[in-house]
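All of the numbers you see were taken from the coordinates with simple rules; none came from a lab. Owing to the predicted nature of the structure, the values given are computational and were not obtained by experimental measurement. Using ideal geometry, Cβ is built from the backbone for each residue, glycine included, and neighbour counts are taken over all protein chains shown.
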Amino acid sequence: MKKIKLSIYTLLLSLALVSCESETTNLVEGVATPTEQVVIEFSDTNLKTDVLENGGTATYQVSLSKPLPVDGVVVFDISSSDGSIESTAGVGEVSHNEVKIPAGETSVSVTFTFTDDTVSDAEEIYNVSIKNLNVSETLIKHFITLNEKSGARTINVYDTLPLVVEAPLGDADIVLNWPGSEDLDLYLRSEAKITSTVIANSWYSQPESVTITQALADGDYFLGLDNYNVATPYSIPCTLAINFAGGKSEVLLTSLDTVATAAANGEPDIWYKINKTTNGNKVVYTIIKLS
């Protein structure tokens, strides 16, 4: 009997040793799949576009640095200066076609179309950037990155298009004249606010005038008009003109009209934005009535 038990123990020990010897303890070396970077970006040079609000369009090009083996749909981020891309009626202010880049291709165009938001806001600024590329299948050999340097596209949307004037280098004189005895004032400031930095004011003369000098840096300037003592809606015949170097002149206003009640505190009732951009020996002025 003892011999039988000993034989059983010997057999069990042998099986245990065989079991231990059959375990795999070495690491298995995997083979990595090589991947290629594919960059998505805006590839056009149209960084800034001016369009009308009601039916205006802006078209851009979206490109991949290499073709993909699958279809991809471009997703965009859209924001606006008033914080909303829907009208007061809940209708989208901007729409675009589906932007699909088919497998094997590297470029596609996108067109953004704008609708009337029913608000008299003169100018609204939209920023459009690429958010993502949704692909139809999981990518194994490619990974997609966004070229941040391609940046967003800026679209200025207007109720009416701005006046654009090119003139020689020099001063631009803005003159307000009127036949009556009203106390009209002109303000040239850094923002469309009475509390912003003063560039030039004209309060105690008739006509009133302020100047965007040649020495002023390129950028946006804001021209305010006010009937200082009047706190109710009014209509005053007048002439507001901007006189450029070289003799060119443009009339911006022939009647100072207001419809909303405003306090008689010197806060301008009408604002214009005037952008100055120097290009060699020329200056381009872009003028839009904000309110």
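Below are the figures for this structure:
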quantity: Long-range Cα-Cα pairs in the range 163-289 (distance over 20 Å), rounded percent; calculated: 41 percent
quantity: Estimated distance in nm for a label pair at Thr57 and Ala103, the labels positioned 7 Å out from Cα along Cα-to-Cβ; calculated: 3.0 nm
quantity: Positive minus negative residues near Asp77 (Lys, Arg vs Asp, Glu; Cβ under 14 Å); calculated: +1
quantity: Overall Cα dimensions of the range 36-158, principal axis frame, Å, largest first; calculated: 51, 27, 21
quantity: Segment Gln214-Ser136, extension gain: residue separation times 0.36 nm, minus the distance between their alpha carbons; calculated: 22.5 nm
quantity: Contour excess over end-to-end distance, with Cα ends at Asn279 and Asp257 and 0.36 nm allotted per residue; calculated: 4.4 nm
